[in-house]
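Undergrad: Below: one structure in structure tokens.
The values are calculated or read from the model by the stated rules, or taken from the named source; none is laboratory data. Model, not experiment: these values are computed from the prediction. Glycine also receives a Cβ, built like all others from the backbone with ideal geometry; neighbour counts cover every protein chain displayed.
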Amino acid sequence: MSGLRSSSLIAVIAAVAACAMSLPARAGYVITSFDVPGATETSAYGINNAGTVVGYYADETGAYRGFSRTAAGVYTILHCPGAANTLASAINNVGTIVGTGTDADYNALDGFSFSGGTYTSLNGNPTWPNGINDAGTIVGDAIYSPGMEIDACGINNAGVIVGIYIDDSGIHGHSLTGTTYTLLDYPGAIMTNAYGINNHGDIVGTYVAYVDDSYLQHGFVLSGGAYSTLNLDSFGDSGAFARGINDGGMISGTYRDAEGLSHGFLATPIPEPAPVPEPVTILGVFAGCAGLGSYLRKRRLA
């Protein structure tokens, strides 16, 4: 009897599980362009699950200031103490921001973290922070060795790091899991950079392709092993950088307009309409649920 009961339970669970819906696929993105008020140029980098974006902008004097932008479009200006320029690069779900302060000649002075209204020096560990996860692990700077350069640009809560890998064969994106590197190359591209990764393992970055005697630069998304292009052509895009992605699939980044000026963008995914189950499928679900209830009642009586 125990074998029969187990087989019946497996069949019932399979019938119910067949109706389980996966996360909806993306039908595209709603692209929002934005600039910090009064900025001459805006560069957007990281994004967290609340939809807060961080980056930096150029003011009327030519100096760079960091900023955060909430999902409601409210800006906070960041100015690292003692720095002529402040470049914010990433934000985690706790709200901690990391970035770099530079002198007037854009030489890095130190990395910083900003949380609860307080700036904290990273004491050169790293000097150029690029990513931070919810545990507070920060990645950045570059590793150099003969014929090779490795840049760490983003990190998720599982500790998977993405970035840029340069060797004699060219410029590639990479992911690092433990001690294992995986090179990432957009199909047909001559250069690929990986910048951000979320907790689902989705990766965003930039690629360059040579098409019809022209170099084309676009953002990309790598999800479930498949690459797709993030198209900002409607904004007169002459070069896009997809920098960050949150767990909801929202992407932050920077694009250059036809005049070469930088603007921030936010790409919000549009879910595809959920398919309507066929009547037979609905009946199958009810039958499965009824079967599961019957099985459980019999288990209690046995």
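Undergrad: Go through the stretch 186-229 and report how many residues are surrounded by 19 or more Cβ atoms within 10 Å (Cβ to Cβ) and not aromatic (Phe, Trp, Tyr).
TA: Within the stretch 186-229, residues that are surrounded by 19 or more Cβ atoms within 10 Å (Cβ to Cβ) and not aromatic (Phe, Trp, Tyr) number 16.
Undergrad: Still on this structure, please answer the following. Out of contact with any strand residue (DSSP E or B) (no Cβ under 8 Å at 6 or more places or on another chain), farther than 23 Å from ILE166 by Cβ and assigned by TED's automatic domain parsing to the domain that holds GLY46: does that describe ASN93?
TA: Spelling it out, ASN93 is indeed out of contact with any strand residue (DSSP E or B) (no Cβ under 8 Å at 6 or more places or on another chain), farther than 23 Å from ILE166 by Cβ and assigned by TED's automatic domain parsing to the domain that holds GLY46.
Undergrad: What are the residues in the stretch 44-95 that are of a type in the set (Val, Ile, Thr), modelled with pLDDT of 95 or more and surrounded by fewer than 19 Cβ atoms within 10 Å (Cβ to Cβ), if any?
TA: THR70, VAL74, THR76, ILE77, VAL94
Undergrad: Moving on to the next point. If a residue must be within 17 Å of the chain's Cα centre (by Cα) and surrounded by fewer than 19 Cβ atoms within 10 Å (Cβ to Cβ), how many such residues does the stretch 97-134 contain?
TA: 1
Undergrad: Residue under question is VAL54, and the condition is that it be touching a Pro at 6+ places or on another chain (Cβ under 6 Å), assigned by TED's automatic domain parsing to the domain that holds THR127, within 18 Å of ASN246 (Cβ to Cβ) and part of a strand (DSSP E or B); does it hold?
TA: Details: touching a Pro at 6+ places or on another chain (Cβ under 6 Å): no; assigned by TED's automatic domain parsing to the domain that holds THR127: yes; within 18 Å of ASN246 (Cβ to Cβ): yes; part of a strand (DSSP E or B): yes.
No.
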